[in-house]
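The values are calculated or read from the model by the stated rules, or taken from the named source; none is laboratory data. Just so it is clear, the model here is predicted, and its values are computed rather than measured. Reconstructed Cβ throughout: ideal geometry from the backbone, glycine too, with neighbour counts over all protein chains shown. Each accessible area value is taken on the protein alone, full model and side chains, heavy atoms only, with ligands, DNA and RNA left out. Shrake-Rupley method; radii C 1.70, N 1.55, O 1.52, S 1.80 Å.
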Amino acid sequence: AVQHLVDFCCSGGVDLGPPSAANPVGAGEDAEQHTRTLVHLIAMAKRYEIYELHSAAVYRIFGLMSERRGLLCCALDESARVHEPFAEMILDIIALNPKMALFPPGGRRRRGRGGALSLGVAALGRLAAEPALCCTEETLYEVVRYWVDRGEDGPLGDEKLAEPNVEELVHDMELLSVRRKDAAHICAQALQFYRIPPQTLAKSALPAGLISIEDLSDAMKKQRHYDQFTENIYSSNRSLTPGIVDCQVIIGAGIEGANGVYRKEAGGYVGRTADLGGTSHKFYIQKIQSFVRHLSARHMCPCLVSRCSEAERRKGTSWLLFATPEKGGSRSRPTKYVLLYETIENGGGVTDDGEILAPLTDFHCSSHSDFIEFSGNFPSPRQFSYMNSSSKK
C-alpha cells in the first residue's frame, strides 16, 4: 500500500488493475492479500486527503467484491483495524445477506479463500453481535462452527506434513484449542441460544464445546416458555426482516453523506442519516418520475419536469440521489429536497455495477423553487449492486 501511495505521489497515477475478480492480482498477490492492501491504501489516501487515489482504490476494491463476495469478510477484517468508517459500510453490506459473504461458493473446504475464514477473532465477534443480520440465529451458529472446523483443517488437513514434526503438531494443537475457546466465548456473548433448535444445541454445539451446560439449560427453559411459537423463533431472521433485502452501494461521492448502503423500500432505496451542510439529513435514491409525481404544483421545479420528460422520451429510467433534512418535517413532507446526483439507464435497476452518477449542481437549475436545491459535488460517485445471493465467483 505504501508503494502505491509513493508511486501516485511521484507520478500522479497508479495501476491498481481493472475492477474485476478475473484478474485481481498484482506483483504475485492473491485476491485476499490484494484486498487487504487496498484497504490500507484507502485508509492512507483518506488520511492524507489524496482523493483521486482514494476513489481509484475504492472503485477497485468494490469491483473485486461485487464479483467475489467472499472478499467482503476479508475487507471487514482488515478495515476494522485501520479504517473504521469503511468497516461499518462493509458490515452493513454483509448484514443484508450474510450467507452470500460468509459461505462463498466453492470456498467452504479451503482456508484463506475468503468468506468467514478470513475473519480474525475480533471481526468475527463484531459480526456475530450485529443486530441487523438478515439470517437466522442457527445460520450464525453455523458460521462460527464453520470458522472453527475449517480453520482447524488448515495445518492438519489441507497442508499435511509429509514427515510430521512433533513440535509443530503440538503447536498446531495449541492454536486450535485457543481458536475453539475464542469461538465459545463469541457464542456465549453474541448468540441468542434459545432461537436455535434444541437438537442443534445438544448434538452439535455442546459436543463441540461451543455452549456450556448452563447456557443450554437456560436456552431450553426459554424454548419451553415460548412453546407453540418456537418454529417461528427458529426460522425468523435476527433483523426481523422477512427475507434478503435488495440494496445499492454508493461509493466515491464528493458529498460524504451520500456514500453508503441504500436498502430497497417501496419505490426506491433508503440510505443513512448523515451530516450535510452542518445539519442532519436522510439520503434516498428514487426514480425521477416518482419523485416529480409526489411534488405539489407550488413546489414544482421546471428543470425536474424537463428532465422527467427527457427520460420518458428516451424510454429510460432516470434515478435521483437526494437528501432531506431530518428536522422540521417528515419523510413524506420534508421542508426541502436537496438533489445531489442522477443517472439515466434503460433497464429496471439503478445502474450497472461501477456506473458513474453525475452531480446535480446549480448549473442544472436557476433556483426556480426554494423547496428544491441542486447541491451535488465532484467527484462523481459509482454504484454497485448487492442483490440476493448472485455471487459471480
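Look through the range 260-298, keep the residues that are of a type in the set (A, V, I, L, M, F, W, C) and open to solvent by 50 Å² or more (accessible area, probe 1.4 Å), and return whichever of them is farthest from VAL58 (Cα to Cα).
My answer is ALA297.
Please determine whether any residue of the range 164-183 is out of contact with any strand residue (DSSP E or B) (no Cβ under 7 Å at 6 or more places or on another chain), at pLDDT below 85 and open to solvent by less than 30 Å² (accessible area, probe 1.4 Å).
Within the range 164-183, one or more residues are out of contact with any strand residue (DSSP E or B) (no Cβ under 7 Å at 6 or more places or on another chain), at pLDDT below 85 and open to solvent by less than 30 Å² (accessible area, probe 1.4 Å).
Would you confirm, using the coordinates I've provided, whether THR241 is surrounded by fewer than 17 Cβ atoms within 10 Å (Cβ to Cβ) and β-branched (Val, Ile, Thr)?
Criteria met by THR241.
Residues in the range 211-227: is at least one open to solvent by less than 40 Å² (accessible area, probe 1.4 Å) and outside any helix (DSSP H, G or I)?
yes
Go through (1) in a loop (DSSP other than H, G, I, E, B); (2) of a type in the set (Gly, Ala, Ser); (3) at pLDDT 85 or above for GLY112 and report which single condition fails.
With (1) in a loop (DSSP other than H, G, I, E, B); (2) of a type in the set (Gly, Ala, Ser); (3) at pLDDT 85 or above applied to GLY112, the lone miss is (3).
Within the set of pairs 6+ apart or on separate chains, which have a first residue in the range 214-240 that is more than 30 Å from ASP92 (Cβ to Cβ) and modelled with pLDDT under 90, a second that is surrounded by fewer than 13 Cβ atoms within 10 Å (Cβ to Cβ) and of a type in the set (A, V, I, L, M, F, W, C), and C-beta atoms under 9 Å apart?
Short answer, once both residue conditions are applied: none.
Which residue pairs have Cβ atoms under 6 Å apart, sit 6 or more places apart or on different chains, and have a first residue in the range 187-200 that is farther than 10 Å from TYR141 by Cα and a second that is open to solvent by 20 Å² or more (accessible area, probe 1.4 Å) and in a helix (DSSP H, G or I)?
Listed by first residue and then by second, the contacts come to TYR194/LYS222; ARG195/ILE233; PRO197/TYR234; PRO198/MET220.
Going through the range 52-103 one residue at a time, which ones are polar (S, T, N, Q) and in a helix (DSSP H, G or I)?
Within the range 52-103, SER55, SER66, SER79 qualify.
Go through the range 123-150 residue by residue and tally those that are touching a Lys or Arg at 6+ places or on another chain (Cβ under 8 Å), assigned to a helix (DSSP H, G or I) and over 15 Å from PHE103 (Cα atoms).
Qualifying residue count for the region: 1.
Does LEU295 meet the test of being within 32 Å of the chain's Cα centre (by Cα) and either of a type outside the set (Phe, Trp, Tyr) or modelled with pLDDT of 85 or more (or both)?
No.
Identify the single condition in (1) buried (at least 22 other Cβ atoms within 10 Å of the Cβ); (2) modelled with pLDDT under 90; (3) in contact with a Ser or Thr (Cβ under 9 Å, 6 or more places away or on another chain) that PRO105 does not satisfy, given that it satisfies every other one.
Every listed condition holds for PRO105 apart from (1).
Could you list, in sequence order, all residues of the range 47-65 that are more than 19 Å from the chain's Cα centre (by Cα) and not hydroxyl-bearing (Ser, Thr, Tyr)?
Selection gives ARG47, GLU49, ILE50, GLU52, LEU53.
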